[in-house]
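One structure is given here, and the rest of the page talks about it.
Every number here is computed from the coordinates shown, using simple stated rules; none is lab data. Given the structure is predicted, the values throughout are model-derived calculations rather than measurements. Ideal geometry is used to build each Cβ from the backbone, glycine not excepted, and the neighbour counts take in all protein chains shown.
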Amino acid sequence: MKAVYFDEHGGSEVLKYGDLPNPTAGDGEIVADIHAASINGADWKVRQGSYAPVAFFPYVCGRDFSGVVTEVGAGADFEVGDEVFGVLPVGQEGTYCEKVATKAAVLAKKPAELAHIDIDAVSLIGLTAIISIEETLKLKTGEKILIQGGAGGVAGFAIQLAKHIGAYVVTTASEHNHEYVRGLGADEIIDYNAVDFTRAVSDCDAVFETVGGDIGIKSFNILKPGGRAAFIASGMKSPEPTRNDVQSLRPVVGRDRHYMERVADLLKQGVVTVPQLQIFDLKNAVEAQKISESRHLRGKLMLQIR
Ligand SMILES: NC(=O)c1ccc[n+]([C@@H]2O[C@H](COP(=O)([O-])OP(=O)(O)OC[C@H]3O[C@@H](n4cnc5c(N)ncnc54)[C@H](OP(=O)(O)O)[C@@H]3O)[C@@H](O)[C@H]2O)c1
C-alpha cells in the first residue's frame, strides 16, 4: 500500500511517500481501505519528537480515518463492505496511508448520507470537544465560556457544542477569521492580535484552551471564582493555576464507539457543521503538515486517499 512515513525524527523533509506492507487484522480488529484521513497538530509534534520518541520505523502518522472494511478479525463486529470511521486507540497511529488495521470497538458505522471526508473531518475534533466541554468542564446552560483559538478544528466544534448547551460563547481569532467563527455561533469575538484578551473578557465560568504557551497561563485571569479551565495544548498535564480559587483540568481523551456515534448524530441533527476543509492528495501530506505547523489554519486539513 502507499503511505507517507518517516524513518527518523525531524523536520517535514523527513516525510517520505512510498510502499509499505499491507496490514492484517488481529483478534477484535478489522482492516479498512482508507478513503479520508485528517491532519492533526499531534502528527507533526510526533514527527518532530516533541512527544515520546516513536518505538519503531517506518512510522506512519495519522489518528483518524473513514473507510470501508475489507477484512474482519475474530470477534470484530463488522462485515466486509461496512463503511466505518473513527479515531485509532490511544498509542496507535497510522492513517496517512491506504489501509489500516485497528480495533473494531473504537469505530462506528458511517452514516450513508455523509461523505467519508466530512465525517472523518469531525471525528477527532468532535471526540476532543465532547470530552472537554461536556465531561471535563461540565458546561451548563447560561454559563459564559471563553474558547481560545475559535477558528481551529477542536475549538470550532466546541463553539457549536457550547451554543447547543445554551452557553454564552466568547472566542479569540485573527480578524480574517471573525466571519467564520461568527457563523459557528460565537457571541463575542476578540481579535487577539489587536487586544489583550485578558482586558476584553472577564467573569467566565469556564475556559477551553486550545492554543498553548502563555495563552494558557493568562487564561486563569479571566475566570470568576470557582471557574474551570480545560487545556488540550499545554502538554499531558494542565498548567499549575496562578490562583487558588479556580480549577485547572486536562481532558482525558479516550476512544470508544459511543463517542463516534454521538459525533455522527450531532452532525446529522445539524448541531454542528463540517468545518471548512482544505483537501490534499496523500502524497501532499508534507504540505498539509506545514500548514498545520504554522498554527494559523481555519477548520481542518484533510487527506483524500480514495
Ligand atoms: N487529545 C488531545 O489532547 C488533543 C486533541 C486534539 C487537538 N489537540 C491539540 O489542540 C491544539 C488545537 O488543535 P486544533 O487541531 O483544533 O487546532 P488548529 O486547527 O491547529 O488551530 C490553530 C488555530 O489556532 C489559532 N491560534 C493560533 N495562535 C493563537 C492565539 N495566540 N490566540 C488565539 N488563537 C490562536 C489560529 O487562529 P487564527 O488563524 O485566527 O490566529 C488557528 O485557527 C493543538 O495543539 C493540538 O495538538 C489535543
Please list 3J(HN,Hα) in residue order for segment 297-306, calculated via the Karplus relation 6.51 cos²θ - 1.76 cosθ + 1.60 where θ = phi - 60°; whole Hz, with x for glycine and proline. 8, 10, x, 10, 9, 10, 10, 9, 9, 10
Over 30 Å (Cα to Cα) - which of K99/K163; K218/K268; K109/K237; K140/K290; K110/K283 fall in this group: K99/K163; K218/K268; K109/K237; K140/K290
May I ask you to evaluate 6.51 cos²θ - 1.76 cosθ + 1.60, the Karplus curve with θ = phi - 60°, for each residue of segment 144-154 and list the ³J(HN,Hα) values in order in whole Hz, giving x for glycine and proline? 10, 10, 9, 10, 7, x, x, 7, x, x, 5
Only Cα pairs within less than 10 Å get springs; with that Gaussian network setup on the chain, which residue of E93, E79, E13 has the largest fluctuation? E13
Non-local amide H neighbours of R228 (under 5 Å, H modeled in plane, Pro and chain starts lacking H): which ones? A206, V207, Q247
Find the percent of Cα-Cα distances in segment 125-249 that exceed 24 Å, and round it to a whole number. 15
Note the angle between two axes, namely the Cα long axis of helix 257-268 and the longest principal axis of the Cα atoms of the chain, as a number of degrees from 0 to 90, rounded to the nearest 10. 70
If you rank M302, M260 by fewest surrounding Cβ atoms within 10 Å, what's the result? M302, M260
Could you work out how much longer the chain between N284 and V54 gets when fully extended? Use 0.36 nm per residue separation minus the Cα distance between them, nm to one decimal. 80.6 nm
Using the number of other C-beta atoms within 10 angstrom as an exposure proxy, rank H35, H296, H258, H178 with the fewest first. H258, H296, H178, H35
Sites K224 and V195, calculated FRET efficiency, Cβ-Cβ separation with R0 25 Å, nearest 0.05: 0.80
Approximate spin-label separation E179-D27, in nm, with each point projected 7 Å along Cα-to-Cβ: 5.7
Assertion target for F231, F157, F197, ordered by fewest C-beta neighbours within 10 angstrom first, is F197, F231, F157
Residue-wise HN-Hα coupling along segment 167-175, computed from phi with Karplus coefficients 6.51, -1.76, 1.60 (Hz; x: Gly, Pro): 8, 9, 10, 10, 9, 10, 6, 5, 4
Quick one: which residues, 5 or more positions from Y168 or on another chain, have an amide H under 5 Å from its amide H? H modelled 1.01 Å from N in the peptide plane, none for Pro or chain starts. G142, E143, K144, I145
Nearest-20 debye value, segment 43-152 charge dipole, Cβ charges on Lys, Arg, Asp, Glu: 520
Determine the distance separating the Cα centre of segment 243-299 from the Cα centre of segment 42-120; give it in Å without decimals. 15
